[in-house]
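S.K.: For reference, the structure I am asking about is given below.
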């Protein structure tokens, strides 16, 4: 079985050796980067830093004379130790540009988004540049058209077409680019882009044998229009045969529209609660949705061509939200898992997205959806309930035809790789260098990207408040902030620059600088040494899926080097890692500067005993959530839920064999039969009918069954007890279950047993009725039905069913949020919303009936050895599961659960003739003289 791991970027890319080529065809010689066979992929390390370039300094405008990466307002040369030796450190330890030297022992710097250059940006590799990039049309009426590039002469533009001179110029340029990159040697190299945490997890899993056969699926992370078809084919073949990677080639314009415009401009901000609704934002004016769809379809098509029965598909992250549903359409039986590495926002934020339904439906094509935290799981379930008006349970989403499981799988780091890398001499050397330079100082370390969600501004303001509040620490503590930038955000950078300048101008002396700001990433040994000697790590992300820097810091604080150990972790409560470490970390609200300042003070003043105590708890969490455990947990869960879901598929559920059922019926001594009423024994009547009747055929059939003293027969329904009494008053010895399990009346009994707490019911009904009334007033034609133990909001008669469904979904979300603590939930059904107790169901009523049957009944103590349950709706599924568990526990000799129709079900068999089929089957059991000709063909 092959596991296909689909991620936007492959862990490999191509480097073209232009200077070394003279009209050669592309090389097919294996690269030095890696030569592992595809069945046991050993990923080489990613480059861990980007080359600092002149003019890249964040504060160049404020301090033009400062070298790249230096802090504005700096008075000492403390930060120079990180820049002067950067290139030498890279050569010695990062594995780049000599990846074979240390490929097996160097983990890359890991983040959910990675500190990597943007697509099409300048990197250390020689690759094609994007060809004449175009932007999505600003007009929604022309969203599939492309804007003519700006370099075209304005005088040549004509509406609806490109002028011939410009077209010829562009075609000539494209041919030249293709020719130039088609006659040079190339090698496969480790990619600088991509999800480092995911790659570490896969590497660890393959090393440990958790994954035997896997294939990456993704793009090269570079423009490819300039490559000839021959070159693309050669690259794809080499990557697939030698590197276990399936390459997805897409048009440069499609990729730019997908990644730069839709993913980074719309999806990424919204998923991190940064809604681009300010007046200057153009996010919703480029209509790049069409490109997002096209790239997702390209991935789905590529995977479908490679997939074989038995293979598993793991789709990764927000770039590919539509792929699961696209694959489900092409491969109905495929085992598909999806994991979201970033945060999932609340429904109020997510519904701001225009294609919100399409995105959710795309994700729901998977068998299993994985999230980093329980909070993100809950947000997704609530969003599906409100926007799609589907039933959301703690386990997942119940669609009409299938169930989708949802779970939490926090990703982590690979301790084994870190143990190997920390043994290197260069790490020890850097530990000694940093410790010597900052001898006698308390170090606070931070490492973030410069963007609006990482909270660097909030961190610096909190640090400034700390220095002002606790002046005695001003000459004893140093904050080393490592910052990288992949996009231009001049306003944010200018703000950060002002704060940094103010801190150093106010609190610096000739011998001390309280803030060291490095606008660069570090070589790996530098980074590892820095988090090893730090007294605290400070993370103030405004929203983040899982911050793996915090995991790395905790793991390195074991005191292996020197006497520094058990540093404190100051962690934003809005990161996924906060749920992993809990109160062992100093959790802060980044917007509360006083709280953050106090957390810094706590971290610096804790005694050794307290620091060790909380560190041991955090280290245990790191080990528990390792990369191997993440892969193993997700893999095992996906396999399990796929098997469960496949067994419930309508095509997998066999037709009921009536002869076999009858045979077991005749052989049994005592029988329990529980049959649903609505659409099973009789067609559903109007809930407002004054006169309720049951078809005579159903009355006759039930009477024949109850006449046999070996039979115990119950009819279950959503109707109230008094309605059930009127419906079946002429049937003797019949047991009744009313209001979906809230009331039970035994055969020949006069009183009903109420399984619901009456006092509790009165309490929640009062609050829920106000919510229902609010929405009922806003949907003309809707009405509220009050039952003894439930409330029903009927919107089937609303003139605009779409509006009615939307209001019902919103109503369900409000009730499930506001009344969850009261043990109440709202369930959408066809044309209605049912609000009822969580603890009572038809299954709980059936369990009570079973217990009563085991007791002395009419002098006969023989327990039932035959159990038949027949139903048709979603509310009957709990009874099917209950009955099937009885059989698994060997509590009864024979169990048959039967559903009507062809929906996804837990029942063991189906009847497709509806009410007629059920009555014919029951008649055959009660009256064996019924000829076979009267029975439905199964």
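Every read-out reported here was derived from the displayed coordinates using simple, explicitly stated rules and does not represent laboratory data. In this text the structure is predicted, and so the values were computed from the model without any measurement. When we count neighbours, we look across all protein chains shown, and the Cβ atoms used for this are built from the backbone with ideal geometry, even at glycine.
S.K.: Okay, which of region 370-398 sit inside 11 Å, backbone N to the point 7 Å along the Cα-Cβ direction of residue 357?
M.R.: Taking a point 7 Å out along Cα→Cβ of residue 357, the residues of region 370-398 whose backbone N falls under 11 Å are 387-389.
S.K.: Decide, for region 315-410, between rounded, prolate and oblate: order the square roots of the alpha carbon gyration tensor eigenvalues as a ≥ b ≥ c, take rounded if a/c falls under 1.5, and otherwise choose prolate if a/b is larger than b/c, else oblate.
M.R.: It comes out rounded by the Cα gyration axes.
S.K.: Please give the length that would be gained between residue 888 and residue 750 if that part of the chain were fully extended, namely 0.36 nm times their separation in residues minus their C-alpha to C-alpha distance (nm, one decimal).
M.R.: 46.2 nm
S.K.: Stretch residue 592-residue 640 to full length: gain in nm at 0.36 nm per residue minus the Cα-Cα span?
M.R.: Contour length minus Cα-Cα distance gives 12.9 nm.
S.K.: Within region 704-729, whose backbone N sits under 19 Å from a point 7 Å along Cα→Cβ of residue 784?
M.R.: The answer is 720, whose backbone nitrogens lie closer than 19 Å to the label point.
S.K.: Still on this structure, I have one more. How far apart, in nm, are the 7 Å Cα→Cβ label points at residue 505 and residue 439?
M.R.: Result: 3.4 nm between the two label points.
S.K.: In addition: Can you give me the Cα centroid spacing of region 638-671 and region 498-542 in angstrom?
M.R.: One Cα centre to the other: 65 Å.
S.K.: If neighbour count is taken as other Cβ atoms inside 10 Å, put 774, 894 in order from fewest to most.
M.R.: 774, 894
S.K.: Where the centroid of each part is defined by its Cα atoms, how far is region 833-853 from region 704-761 in Å?
M.R.: Here the answer is 12 Å between Cα centres.
S.K.: Then there is this: I'd like the distance separating the alpha-carbon centroids of region 552-611 and region 412-485, in whole Å.
M.R.: 12
S.K.: Can you sort 352, 742 so the residue with the fewest Cβ neighbours within 10 Å comes first?
M.R.: 352, 742
S.K.: Same structure, new question: Quick one: if you stick a label point 7 Å off each Cα along the C-beta vector at residue 304 and residue 180, how many nm between them?
M.R.: For residue 304 paired with residue 180, the spin-label model returns 3.8 nm.
S.K.: Run the paramagnetic zone check for residue 902: 7 angstrom along Cα to Cβ, then residues of region 390-406 with backbone nitrogen under 15 Å.
M.R.: Counting backbone N atoms under 15 Å from the label point, the list is 401-402.
S.K.: Once R0 is set to 56 Å, what does the formula 1/(1 + (r/R0)^6) return for the Cβ-Cβ distance between residue 766 and residue 476, expressed as a FRET efficiency to the nearest 0.05?
M.R.: 0.40
S.K.: If you rank 587, 239 by fewest surrounding Cβ atoms within 10 Å, what's the result?
M.R.: Placing the least packed residue first, the sequence is 587, 239.
S.K.: Rounded, prolate or oblate: which fits region 417-629 when a ≥ b ≥ c are the square roots of the eigenvalues of the alpha-carbon gyration tensor, with rounded for a/c under 1.5 and prolate only if a/b beats b/c?
M.R.: Rounded.
S.K.: Say each of residue 652 and residue 273 gets a label point 7 Å from the Cα, pointing the same way as Cα to Cβ; how far apart are those two points in nm?
M.R.: Result: 3.9 nm between the two label points.
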